Amino acid sequence: MHNLNLIWVFNPTADKVLMCKRHKEPYMGLYNLVGGKVEPGEAGLTAAYRELAEETGITDITLHHLADFTYYYNGFHIAVYCGKLGHAVEVSGDEKELAWIDTTENFFDISRFAGDGNLGHIFALFKYAGEKYTGQAPKLKEATAW
């Protein structure tokens, strides 16, 4: 099983998410979340923080484990982490082009976003992220649970 992670990083006002443009297949040229491989013996959350720092320079954020997906047909386990920045930061990456994408985008658009629509499904989880804390599903900008 190949262990991978995806990391949703929201800006301080939670109206943009940090994404990178893929430079190789699959999904070359499409926007994807930052993330990567979990090294053997490495904890998933540790790997998420490491990948985030390597790909963006972001180190001042608290990540929360949101979901896991296992794709048995190709042997992938993907852990999804999320976090919201407390203040604006300068992002930099040597490997991939980074961009802040507005949260009003259609993340199901497979001509623009990687994952065959999976990013849209994952993003839908955020609309309910604060439910267990407030008793009602907040709008994304009002979610403070992360």
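The values are calculated or read from the model by the stated rules, or taken from the named source; none is laboratory data. Quick caveat, the model's predicted, so the values are computed rather than measured. FYI the Cβ positions are ideal-geometry reconstructions off the backbone, even for glycines, and counts take in every protein chain you see.
What to note about this one:
- Residue selected from the range 1-27 under the condition at pLDDT 95 or above and of a type in the set (A, V, I, L, M, F, W, C), by the criterion surrounded by the fewest Cβ atoms within 10 Å (Cβ to Cβ): LEU4
- Number of residues in the range 24-46 that are under 30 Å from SER111 (Cβ atoms) and touching a strand residue (DSSP E or B) at 6+ places or on another chain (Cβ under 8 Å): the value is 10.
Residue-by-condition table, conditions (1) modelled with pLDDT of 95 or more; (2) over 23 Å from ARG22 (Cβ atoms); (3) exposed (fewer than 14 other Cβ atoms within 10 Å of the Cβ):
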{"residue": "LEU63", "(1), (2), (3)": "no, no, no"}
{"residue": "TYR71", "(1), (2), (3)": "no, no, yes"}
{"residue": "CYS82", "(1), (2), (3)": "no, no, no"}
{"residue": "ASP94", "(1), (2), (3)": "no, no, yes"}
{"residue": "ASP109", "(1), (2), (3)": "yes, no, yes"}
{"residue": "GLY120", "(1), (2), (3)": "no, no, no"}
{"residue": "GLN136", "(1), (2), (3)": "no, yes, yes"}
{"residue": "LYS139", "(1), (2), (3)": "no, yes, yes"}
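- Residues of the range 1-59 classified as touching a residue at least 60 places away in the same chain (Cβ under 8 Å), farther than 13 Å from PHE113 by Cβ and part of a loop (DSSP other than H, G, I, E, B), total: 7
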